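Beneath this line is the structure, given in structure tokens, with notes to follow.
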Amino acid sequence: MMQRRDLLLALAMLGVLPGASAVAQTDAPVIAAAADLSFAVTEIAARFRQDTGMDVRLAFGSTGNFARQIREGAPFQMFMAADESFILDLHRDGFARDEGTLYGVGRIVLKVPEGSSLVADGTLETLRQALAAGRITRFAIANPDHAPYGMRAEEALRHAGLWEAIQPYLVLGENVAQAAQFTLSGNAEGGIIAYSVALAPEVAARGSHALIPEDWHEPLRQRMALLNGAGPVAEAFFAYIQTPPAREIMARYGFTLPQD
């Protein structure tokens, strides 16, 4: 079973922990991708390299922070957002070539680490009971101020009537991958993270998870677009995301594909 240090190393190598280098110093175009894509898009990029001989650099983080950086002139050539509204806003304001395309719909889960008093229950009933019994000390979600998966976690907790009660115990990740790291750190009873992160072998091996009903929150319609100045390699990667090999990887990480 993967040890905690190995999990943290895996997440750090994907550039989703504080201080981790998200990209290598090469001439390949930089793709800004929401943190829930950390494992799926890393696989896709490797397959893209194998199939085409072309390479991209991947930067993972919160969608809201990336959108701000793009507006401030960050040299990204493509943006894969966890919430399509950010792409549509960037296009409206002249930062993206067009409205892009939907590449998948995400889900959120309750993730419970080994040794927790919680049970992985998508209805959050055991979380409700633990809060009432005073058995929660820390509970992790992504920051709702700029991370779509944090926004959806807040919506789900509000739907369950738990948002006010859980406030004193929340620890906020800069993005959903960091929220997963907090959840599995041994200092939290659980957290709400992306299904795609929960399905990664490095995360799935540590604890259990359960899907939260999708009608408890706004849908995570995830959209991507080429940004102004995108070159041919970024264009090729944008097209590759929509091919069967890439879509199979996305489906394996729990994303509902656009044609579904």
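For this structure, a couple of remarks:
- Scanning the stretch 125-140 for residues that are in a helix (DSSP H, G or I) and of a type outside the set (A, V, I, L, M) returns GLU125, THR126, ARG128, GLN129.
- Residue match in the stretch 210-231 (condition: of a type in the set (Gly, Ala, Ser) and under 24 Å from GLU154 (Cβ atoms)): yes
- Residue selected from the stretch 112-157 under the condition at positive phi and surrounded by fewer than 20 Cβ atoms within 10 Å (Cβ to Cβ), by the criterion modelled with the lowest pLDDT: GLY115
- Leading residue by the ranking (farthest from LEU226 (Cα to Cα)) among those in the stretch 54-74 that are in a loop (DSSP other than H, G, I, E, B) and within 21 Å of the chain's Cα centre (by Cα): SER62
- Given (1) at positive phi; (2) surrounded by 24 or more Cβ atoms within 10 Å (Cβ to Cβ), index of the condition GLY94 fails: (2)
- Single residue of the stretch 77-103 satisfying the filter (within 23 Å of GLY173 (Cα to Cα) and either part of a loop (DSSP other than H, G, I, E, B) or not aliphatic (A, V, I, L, M) (or both)) that is nearest to the chain's Cα centre (by Cα): ALA82
- Here ALA132 meets each of (1) within 20 Å of ARG221 (Cα to Cα); (2) outside the structural domain of THR63 (by TED's automatic domain parsing) with one exception, condition (1).
- Extreme residue, surrounded by the most Cβ atoms within 10 Å (Cβ to Cβ), among residues of the stretch 230-260 that are of a type in the set (D, E, K, R) and over 13 Å from ARG47 (Cβ atoms): GLU235
- Of all residues in the stretch 104-124, those that are part of a loop (DSSP other than H, G, I, E, B) and aliphatic (A, V, I, L, M) total 4.
- Test for ALA160: is it surrounded by fewer than 20 Cβ atoms within 10 Å (Cβ to Cβ), farther than 21 Å from GLU214 by Cβ and among the aliphatic types (A, V, I, L, M): no
- Residue in the stretch 144-163 that is touching a helix residue (DSSP H, G or I) at 6+ places or on another chain (Cβ under 8 Å), of a type in the set (Phe, Trp, Tyr) and closer than 24 Å to ALA33 by Cα present: yes
The values are calculated or read from the model by the stated rules, or taken from the named source; none is laboratory data. These numbers come from a predicted model, not from an experiment. Counting neighbours? That spans all protein chains shown, and the Cβs are built from the backbone with ideal geometry, glycine included.
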